[in-house]
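The values are calculated or read from the model by the stated rules, or taken from the named source; none is laboratory data. None of the values given here were measured: they were computed from a predicted structure. A quick note on method: Cβ atoms are made from the backbone with ideal geometry, for glycine too, and the neighbour counts reach across all protein chains shown. Protein only, heavy atoms only, side chains kept; ligands, DNA and RNA dropped before computing areas. Shrake-Rupley method; radii C 1.70, N 1.55, O 1.52, S 1.80 Å.
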Amino acid sequence: MTISDWLLDPSGLTPHGFCLSWLPGLIWLHAGSDAVIGLSYFSIPLTLAWFVRRRNDLAYRWVGHLFVAFILACGLTHVLSIMTLWVPAYGAEGVVKAVTALLSVATAAMLWPVVPRVLALPTPGQLSRLNVELTRTIQEQERTAALLRESEARVLAANSELERRVAARTAELSAANAQLTEVLAERAAALEALANSEAEYRASFEAAAVGKVQVNPETGRLLRVNNAFARMLGYAPADLAGQVDWRALLWAEDRAAEGVEFARLMSGEANDYVRELRFRRRDGSPVWGRVSATLVRKASARLPPLLLAVVEDIDTMHKTALALKESETRLRLAAEGAKLGVWEMDLARGLCWVDRRTAAMTGGTLPAETWFSLDGPEYAAWADWIHPDDREERAGGLRLLQMGAAELVQMQYRVRRADGGLDSPGDAPGDAGEHRAPWIWLSHRSAIVARDPVTWTPTRATGVLIDVTERAEAEAALRVAKADLEQVVVERTAALKQRDLLLREVYHRVKNNLQVIDGLVMMQSLQLSDPEARQALMGLRSRVYALGLVHQQLMTSPDLETFDIAPFLEELASNILQSGAEVGITLDLDLCPLIVNLDFAIPLGLLVTELITNSLKHAFPNGTGTITLSMRRRDEGGVLLVVADDGDGGAHLMESGAAKNGAAEGRTGGYRRGLGGAIVKGLVAQLDGTIAMRFDTGTRADIILPTPVAAP
């Protein structure tokens, strides 16, 4: 039920008129009476409100307001009584009555304490007597005020003369005080400016990111140092200021040169002093610094001069410059060893620079190791050396680079040989004849290395030229060989169609032969008494069974070339477990579908056989445990194959021979020495995969293999 329903139409209730049997006389009697009472109740509070509003001097005005609210609420209850005759709005009537009850209780509760205070108010007769006494008092005060005015007139006359004399003296004192105030203000401003300047200098000196020092040039003693300079040398400021000589902090080999420049500064021959020196740190190691110093001479001859120096830590920059120089040397040697030609363009100035090898590749048309104009005759002559069919492609690539449309440009084009090559006009690499072709192939690689920070247009580019003539000739020979090979493929395709007819029979015969071999090995193992020999033959049986199972899967596949390896691995693992496992050893399989071919299936089947066989041989001395075999595709590509057991935590070795010798490699992916380990490593390498071994809780082999070509 909603609030509106509860207030205006409660469920199951009837109007009040129903209780009166809807007799018109009774209904209109109640309605008329309530209407007259309600109008009267509304008239009375309106009259009270008008009266209280007009009499602002009334005490306890809030009593009138309470009566107004209470009487209005009473009138509203009678209005709702009329309404409930026809509408069962008993909820609204009850709310109004509750409000009326609250107002009546509040009015009654607040009225009783006020009654004593209202009774204490004076009556009109008392107010009249008080008014008479007040009038008499006012008349006496007026007579007294007249006497006071006469006395004040006499005092004012005397006071005027006194004020005239005081004003004259005050004017004299004000003039003297104004002069004194002006002098004091100027002095205070000068002192404040001096204090601010000193505070700013002190803050700048202490918080500077570079080192700052003050030195007495006559004694060489440090007077003041900031944190940056002390930190640069590994000291605290208190360890240097007033304690250490400036020259004692310099590297021994730099002191002599520093003394000469310092003498020029002291003599006035130089106005400033800028040098890069090595300082000695507290631990004895050198650090490079750039010193910018000036000499401050005091106006008074009694005060000594002061040397102000800024010391910038350039040790990292100096070492970086040396490393850059070494790197450039190594790069130049590498380029010469790799037979690379290096060139550089200053696009902002329209200049180009090439090294000696590039100049040789261009037949000497471009000067080596000197800047020349891109609009000059040298560059135009070099363009003429390019094969006519390749000029437009090369020019387009350079335009992309110069416009900034491409950060990296790679292309190949032909250039005339310096010795001319063949006399014939042939231009294809590998032409027949005793002479070489007249063109060489160059591989061009260039990139933008600097841009204007405002317009973002390229300002500098660099690149390399590589003589790839031999590779181009080899590619031409490969194209000829490819055409021949394609013809051979066409011929072989016809032969392969016939092969498919015979391949199913071959798979069947191979499978049968492997079963015969498996039976012979089984019979031989039953005649052996040596456990190790029998175990070796059983391992051989597992490998033979894996090979036979591969051929069986291929024989039943639709295309005789590929099949889903998941059922194959499930059948293979179950067979190995049934052949040589204890009753308490179980198998946990989680294999994803994966289509493979024969070249992938055989080594993978042998690999799983070896790993499961090793777990059965060594992991479960108590005859209970679980072998897990899972395979899934990796999100980053490839296939993850996991073969794991919950055996003795890696205490067993992959080969019993290794166990006897105690030989074991690290447990981060290595193999144990022995035939089984060699087979596993060989099979993983054959599959182009990687293997990682873990021996924390049992033995776990994580093998990552590339996705088979046959897999979709």
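Points worth noting:
- Largest to smallest accessible area among Asp648, Asp254 [probe 1.4 Å]: Asp648, Asp254
- Comparing Cα centroids, the range 166-236 and the range 335-404 end up 63 angstrom apart.
- Computed from backbone phi, the HN-Hα couplings of the range 151-165 come to 5, 5, 4, 5, 5, 5, 4, 5, 5, 5, 4, 5, 5, 4, 5 Hz, rounded to whole numbers (Karplus: 6.51 cos²θ - 1.76 cosθ + 1.60, θ = phi - 60°; Gly and Pro given as x).
- Over the range 198-321, equivalent-ellipsoid semi-axes from the Cα gyration tensor in Å: 22, 18, 14
- A Förster radius of 41 Å combined with the Cβ-Cβ distance from Asp245 to Arg187 puts the calculated FRET efficiency at roughly 0.55.
- Eligible aspartates and glutamates near Lys681 by straight Cα distance, threshold 17 Å, same-chain separation 8 or greater: Asp599, Glu610, Glu655, Glu665, Asp702
- Ordering of 379-390, 147-158 by packing [mean C-beta count within 10 Å, highest first]: 379-390, 147-158
- Mean separation of Cα contacts under 8 Å, 6 or more apart, over the residue count of the range 198-321: relative contact order %: 25
- A Förster distance of 22 Å, applied to the separation of the beta-carbon atoms of Leu111 and Arg55, puts the FRET efficiency at 0.70.
- Taking only the Cα atoms of the range 440-488, the radius of gyration and Dmax are 19.2, 61 Å.
- Rg and Dmax [Cα atoms of the range 3-120; Å; Rg one decimal, Dmax integer]: 17.8, 56
- With R₀ fixed at 25 Å, the C-beta to C-beta distance from Leu13 to Ser33 puts the FRET efficiency at about 0.65.
- Summing charges over all other residues whose Cβ lies under 11 Å from the Cβ of Arg391, with Lys and Arg as +1 and Asp and Glu as -1, gives -3.
- Accessible surface of the range 198-321, 1.4 Å probe: 52 percent of it comes from carbon and sulfur atoms.
- The range 3-120 - charge dipole about Cα centre, Lys and Arg +1 at Cβ, Asp and Glu -1, debye rounded to 20: 640
- Most to least accessible of Thr135, Thr628 (protein chains only, probe 1.4 Å): Thr135, Thr628
- For the range 73-215, a simple Cβ point-charge model (Lys and Arg +1, Asp and Glu -1, everything else neutral) yields a dipole of about 700 debye relative to the Cα centre.
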